[in-house]
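Have a look at the structure below, then the notes.
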Amino acid sequence: MLHTGEAKPNDTPDFAAVRTDWDRAEAEALYALPFADLIFQAQHIHRGSFDPNHIETASLLSIKTGGCPEDCGYCSQSAHYDTGLKATRLMDRADVIAAARRAKNAGATRFCMGAAWRNPKGRDLDQVCEMVREVKDLGMETCVTLGMLTPHQAARLSDAGLDFYNHNVDTSPEFYGKIITTRTLQDRIDTLAHVRTAGIKVCCGGIVGMGERVEDRLGMLVLLANLPSHPESVPINLWNEVKGVPVSDTAERPDPIALVRLVAIARIMMPRSVVRLSAGRQYMTDELQALCFLAGANSIFIGDVLLTTKNSQRDRDAYLLSRLGITSLLV
Ligand code: SAM
Ligand code: DTB
Ligand code: SF4
């Protein structure tokens, strides 16, 4: 049976086995395939797990913006750089719920709340747990991204009914240290393990277009595909331009065909994961997005802004999906 959003359970017999032992040479071999062969393989695998004519729609809200102690070199919200962004306190719960309701009415099935924290402190988590409960009561899937978590914090979010936790590896192990120094890749992997142990589904991906090499992009996909179990959601972000951060000096947008190849490889290596074409869609042509959907991307963020930066606009998205015959709840 084809699924519209959820991945198949790992034990469903299928031609595309779920493997967590990928090596770089295999990723490179996929990358080197003639384009048509790569896309055919990705489509074949995609159709084994998903309805190819449906995509998931998620909406983001920054519930606590800016002033972050981390030094992620791509981020508008780091206090280490002068990006002109105004820092705010944690939003009031009623305002968050009102935003979730608007997102639902605009066609989002998942509501993701992001906070510019290294990790949640003190009573922050009480507030977020309450937000999760109330967003769930609206009938939406919930996701939060709050930085590093302890096992206890993950368990509390799970008790509140949280569906997904977003925590990205961001890039390859080799490139990681050029982008972030205040938290290690291992810190991130530890948080992902706490989230899994707590029974929360994992949303984990990364960013391309920061000046990394093709090998780093493939290394990032291999890292994701070799986590103990595949993330249920894999966001592939194209770096959204931010002035004043270190990445603005190194950024280089990938060749569009190279981006499609990456999406196809993510689909092939993580056959049951929902692959989200995340930040950066506003830079992509309709034709490029169409190719990414053909290559196996089956989720997007909708709404005029992501956390602090621009997203592709709703009318454009609705027109594109309608021309492609792709169903979603986008209205
Ligand atoms: N502060 C938390 C953390 O980083 O763990 C959660 C929020 S953070 C903004 C979530 C993710 O958004 C980052 O890990 C990164 O992959 C992505 N991101 C941040 N800024 C971005 C940008 N300018 N373009 C693309 N992706 C970005
Ligand atoms: C993810 O991988 N992409 C989203 C979500 N996780 C939190 C964030 C994209 C952020 C883009 C930069 C901004 O708007 O500040
Ligand atoms: Fe802070 Fe997250 Fe931005 Fe890094 S990505 S600076 S942790 S908000």
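Let me spell it out: the conditions are (1) more than 16 Å from ligand 3 (Cβ to nearest atom); (2) of a type in the set (Gly, Ala, Ser); (3) within 21 Å of residue 163 (Cβ to Cβ), and residue 94 meets all of them except one. Which number is the exception?
The one condition residue 94 does not meet is (3).
At least 2 residues that are within 16 Å of ligand 3 (Cβ to nearest atom) and touching a residue at least 40 places away in the same chain (Cβ under 8 Å) in each: list the strands (runs of 3 or more DSSP E) lying fully within region 219-313 that qualify.
233-238
When the residues of region 279-307 are filtered to those that are β-branched (Val, Ile, Thr) and within 15 Å of ligand 1 (Cβ to nearest atom), which remaining residue is surrounded by the fewest Cβ atoms within 10 Å (Cβ to Cβ)?
305
Being of a type in the set (Ser, Thr, Tyr), more than 16 Å from ligand 3 (Cβ to nearest atom) and over 18 Å from the mean Cα position of the chain (by Cα) is the filter here, so list the residues in region 48-77 that pass it.
49
Kindly indicate which of 82, 71, 126 is out of contact with any Ser or Thr (no Cβ under 9 Å at 6 or more places or on another chain) and either of a type in the set (S, T, N, Q) or not in a helix (DSSP H, G or I) (or both).
Residue meeting the stated conditions: 82.
Could you say whether any residue in region 198-206 is in contact (Cβ under 8 Å) with a residue 24 or more places away in the chain, within 13 Å of ligand 1 (Cβ to nearest atom), small (Gly, Ala, Ser) and touching a helix residue (DSSP H, G or I) at 6+ places or on another chain (Cβ under 9 Å)?
Scanning region 198-206, I find at least one residue that is in contact (Cβ under 8 Å) with a residue 24 or more places away in the chain, within 13 Å of ligand 1 (Cβ to nearest atom), small (Gly, Ala, Ser) and touching a helix residue (DSSP H, G or I) at 6+ places or on another chain (Cβ under 9 Å), so the answer is yes.
For residue 129, work out the one condition from (1) in contact (Cβ under 8 Å) with a residue 24 or more places away in the chain; (2) farther than 19 Å from residue 148 by Cα; (3) more than 16 Å from ligand 1 (Cβ to nearest atom) it doesn't fulfil.
(2)
Identify, by number, the condition in (1) in contact with a strand residue (DSSP E or B) (Cβ under 7 Å, 6 or more places away or on another chain); (2) assigned to a loop (DSSP other than H, G, I, E, B); (3) basic (Lys, Arg) that residue 183 doesn't meet.
Failed condition: (1).
Please identify the pairs in which a residue from region 86-105 that is closer than 11 Å to residue 131 by Cα has its Cβ atom under 7 Å from the Cβ atom of a residue that is part of a helix (DSSP H, G or I), counting only partners at least 6 apart or on another chain.
Sorted first by the residue in region 86-105, then by its partner, the pairs are 93/127; 93/130; 93/131; 93/134; 96/131; 97/134; 97/135; 100/135.
Kindly provide the set of residues from region 221-249 that are more than 17 Å from residue 196 (Cα to Cα) and more than 13 Å from ligand 1 (Cβ to nearest atom), ordered by number.
221, 222, 249
Give me the pairs: first residue in region 166-195 and at positive phi and within 13 Å of ligand 3 (Cβ to nearest atom), second residue part of a helix (DSSP H, G or I) and not polar (S, T, N, Q), beta-carbon distance under 7 Å, and six or more apart or on different chains, which are they?
So the pair list comes out as 170/176; 170/179.
Bear in mind these aren't lab numbers, they're just calculated from the coordinates by the rules spelled out. Because the structure is a prediction, the values reported are computed rather than measured. FYI the Cβ positions are ideal-geometry reconstructions off the backbone, even for glycines, and counts take in every protein chain you see.
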